[in-house]
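Asker: My structure is below; once you've seen it, I'll send some questions.
The values are calculated or read from the model by the stated rules, or taken from the named source; none is laboratory data. Only a predicted model underlies this, so the values are computations on that prediction, with no experimental measurement involved. Glycine also receives a Cβ, built like all others from the backbone with ideal geometry; neighbour counts cover every protein chain displayed. Note: accessible area is taken over every heavy atom of the protein model, side chains too, but ligands, DNA and RNA are not part of it. Shrake-Rupley method; radii C 1.70, N 1.55, O 1.52, S 1.80 Å.
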Amino acid sequence: MIDYEILLKKAKEAAENAYTPYSKFKVGACVLGANGNMYTGCNFENASYGLSICAERNAIGTAVASGERRIIAIAIYSPNMGNCTPCGACRQVIYEFRSDNGTIVITEENGNIIVHTIEELLPEGFIL
């Protein structure tokens, strides 16, 4: 059983560390790996906007660097907006590392937990 509240709590904590001097749009993410470990990440910006990194890819990168290859769930949170779903690039990265049973994407709006599968957010994602 996935504890959505714990994953969201960790995503909220990670958002506090976001480096967003340009957009002021903080985001945090928490990944639950197939091994049961949790990995967090936050977005960080760069004056060359294209070099900015999303929280989701930051958390997934940490998971991969730790040897994880399958993601059971990912929680995403921004204090700037409710239901902060992943951008297209992050959706593809989540899809690439999804578990055999798919990956759950967890967000929150007005205190309500919203749950999607990555397949719902990225129909017909691709893998080589």
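Asker: Roughly how much of Asp100 is accessible, in Å² to the nearest 10, using a 1.4 Å probe?
Answerer: Using a 1.4 Å probe on the heavy atoms, I get roughly 150 Å².
Asker: Still on this structure: Shape of the stretch 4-48 from its Cα gyration tensor (a ≥ b ≥ c, root eigenvalues): rounded if a/c is under 1.5, otherwise prolate when a/b > b/c, or oblate? Let's see the in-between values first.
Answerer: On the way: a/c = 4.14, a/b = 2.15, b/c = 1.92.
Prolate.
Asker: Something else: Would you please classify the overall shape of the stretch 47-111 from the alpha carbon gyration tensor, given that a ≥ b ≥ c denote the square roots of the eigenvalues, rounded means a/c under 1.5, and beyond that prolate means a/b larger than b/c while oblate covers the rest? Before the final figure, lay out the partial values.
Answerer: Numbers: a/c = 2.01, a/b = 1.14, b/c = 1.76.
Taking the square roots of the gyration eigenvalues as a ≥ b ≥ c, the stretch 47-111 is oblate.
Asker: Using a Gaussian network model of the chain whose springs link C-alpha atoms within less than 10 Å, name the residue from Ala14, Ala59, Ala89 with the highest mean-square fluctuation.
Answerer: Ala89
Asker: Let me ask something else. As an exercise, identify the trypsin sites (Lys or Arg not before Pro) in the stretch 1-84 lying in DSSP coil whose Cβ has no more than 15 other Cβ atoms within 10 Å. Each step should come with its number before you reach the end.
Answerer: Numbers: sites: Lys9, Lys10, Lys12, Lys24, Lys26, Arg57, Arg69, Arg70; in loops: Lys24, Lys26, Arg69, Arg70.
Sparse-neighbourhood loop trypsin sites (Lys or Arg not before Pro): Lys24, Arg69, Arg70.
Asker: Over the chain, with every protein chain in place, what whole percent of the accessible area is carbon and sulfur at 1.4 Å, could you tell me?
Answerer: Here it works out to 52 percent.
Asker: I've got another one for you. Counting other C-beta atoms within 10 Å, and keeping those with at most 12, which DSSP coil chymotrypsin sites (Phe, Trp or Tyr not before Pro) do you find in the stretch 1-94?
Answerer: On the way: sites: Tyr4, Tyr19, Tyr22, Phe25, Tyr39, Phe44, Tyr49, Tyr77; in loops: Tyr22, Phe25.
Those that pass, being in a loop and sparsely packed, are Tyr22.
Asker: Next question, about the same structure. How much accessible area per residue does the stretch 1-90 have, counting only protein heavy atoms and a probe of 1.4 Å, in square angstrom?
Answerer: Numbers: 4560 Å² over 90 residues.
Per-residue value: 51 Å².
Asker: From largest accessible area down, sort Met1, Met38; use a 1.4 Å probe on the protein chains.
Answerer: Working: Met1 230, Met38 80 Å².
Sorted descending by solvent-accessible area, the residues read Met1, Met38.
Asker: May I ask you to compute the full-extension gain from Asp3 to Glu124, defined as 0.36 nm times their residue separation minus their alpha-carbon distance, rounded to one decimal in nm? Before the final figure, lay out the partial values.
Answerer: Details: separation 121, 0.36 × 121 = 43.56 nm, distance 2.75 nm.
40.8 nm is the gain from fully extending Asp3 to Glu124.
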